[in-house]
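Take a look at the structure below.
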There are 2 protein chains.
Amino acid sequence: MTLHTAIHKSFVLERVYPHAPARLFNAFKDPAKKARWFVGGEGFIVDGATWDFRVGGWERFKFRFGEKGPPMTNDTVFMEIVENQRIVFAYSMTIGGNPLSVSLTTVEFVAQDGGKKTLLRFSEHDTFLDGNDGLDSRREGTTGLLQSLANELEKFP
Amino acid sequence: MTLHTAIHKSFVLERVYPHAPARLFNAFKDPAKKARWFVGGEGFIVDGATWDFRVGGWERFKFRFGEKGPPMTNDTVFMEIVENQRIVFAYSMTIGGNPLSVSLTTVEFVAQDGGKKTLLRFSEHDTFLDGNDGLDSRREGTTGLLQSLANELEKFP
């Protein structure tokens, strides 16, 4: 019998963007935008993406990092949404067909400077499964995503 | 504009049951059993329950604590299941129609004493929303559920 383990980790990232909360929120809501910054990163090969931004909706991604990378999946389900203010979602990941993690993520959009800027607070709890412990790479990957989001907002006003 | 806050808390409960892991697991899987121990607690009035124990399936509960208690909901979605060994689920709760929390829970069933006993490890991360902070009552309620599960297994072999 395989030993199935679970390790629990958390991290929080904050970044201030020179845009209104509605623009940030819309980059998560609009599939055309999210496709660019969320799964369009350099080196990533996207094998599939479905979109359904609403409470109870699933967004499913299949991808690899480079041609020789193992197949990975990300199945995201939205648990709670407050327009322009908050998104709470859970997502499970697999790598090479095996469980990697299940996570609960809260993204808060806090208006600053009279609504001209937004503090994005990204709080994630990760349950790493079956011997995986990818906290450092998860934090690093998410930091990259927040940069990718900044690029998206700069390029496509 | 209402201020939407999020507070992050975690707790872990462990309890050893004098039953094999498969019996524990089945009490989560079988709606007839789960209906008794999970929503059948003293004082609880159940206004609705739907069942769908599989990855991606939703189980939805409507209930009140006493006739005069505010209406509450629990919408649970299963993220990862390993038969007889592990269940990972996310659930959102509302109280009086307002968001209360979103949680990620990992239940592990660890065989002990050659499989005659089971260590149940219940690890939960709670994101409490909009000023709620119910860590103590959540931990207390969950402790009660684990006792209710013990009663169920004792009564219905």
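The values are calculated or read from the model by the stated rules, or taken from the named source; none is laboratory data. These numbers come from a predicted model, not from an experiment. Ideal geometry is used to build each Cβ from the backbone, glycine not excepted, and the neighbour counts take in all protein chains shown. The protein model used for the area step is the full one, side chains on, heavy atoms only, and it has no ligands, DNA or RNA in it. Shrake-Rupley method; radii C 1.70, N 1.55, O 1.52, S 1.80 Å.
Observations on the structure shown:
- Residue in segment B:125-136 that is hydrophobic (A, V, I, L, M, F, W, C), surrounded by 14 or more Cβ atoms within 10 Å (Cβ to Cβ) and free of Cβ contacts under 8 Å to residues at least 40 places away in the same chain present: no
- The criterion of at least 3 residues that are touching a Lys or Arg at 6+ places or on another chain (Cβ under 9 Å), more than 10 Å from chain A (Cβ to nearest Cβ) and open to solvent by less than 40 Å² (accessible area, probe 1.4 Å) is met, among strands (runs of 3 or more DSSP E) falling completely within segment B:1-115, by B:6-17, B:72-82.
- When A:L146 is tested against (1) modelled with pLDDT of 95 or more; (2) open to solvent by less than 40 Å² (accessible area, probe 1.4 Å); (3) away from chain B (no Cβ under 11 Å); (4) farther than 19 Å from A:W37 by Cβ, only condition (4) is not met.
- Residue among A:D30, A:D47 that alone is of a type in the set (D, E, K, R), out of contact with any helix residue (DSSP H, G or I) (no Cβ under 8 Å at 6 or more places or on another chain) and over 26 Å from A:G114 (Cα atoms): A:D47
- Among residues of segment B:88-111 that are farther than 19 Å from B:D136 by Cα, those with a Cβ under 8 angstrom from a residue that is outside any strand (DSSP E or B) and open to solvent by less than 10 Å² (accessible area, probe 1.4 Å), sequence gap 6+ or separate chain, pair up as B:F109/B:L24; B:F109/B:F25.
- Residues in segment B:102-122 that are among the polar types (S, T, N, Q) and within 13 Å of the chain's Cα centre (by Cα): B:S103, B:T105, B:T106.
- Condition met for A:V55 (of a type outside the set (G, A, S) and either in contact (Cβ under 8 Å) with a residue 24 or more places away in the chain or touching a Cys at 6+ places or on another chain (Cβ under 8 Å) (or both)): yes
- Residues satisfying the stated conditions in segment B:116-150, i.e. in contact with a Pro (Cβ under 7 Å, 6 or more places away or on another chain) and not in a loop (DSSP other than H, G, I, E, B): B:K117, B:T118, B:L129
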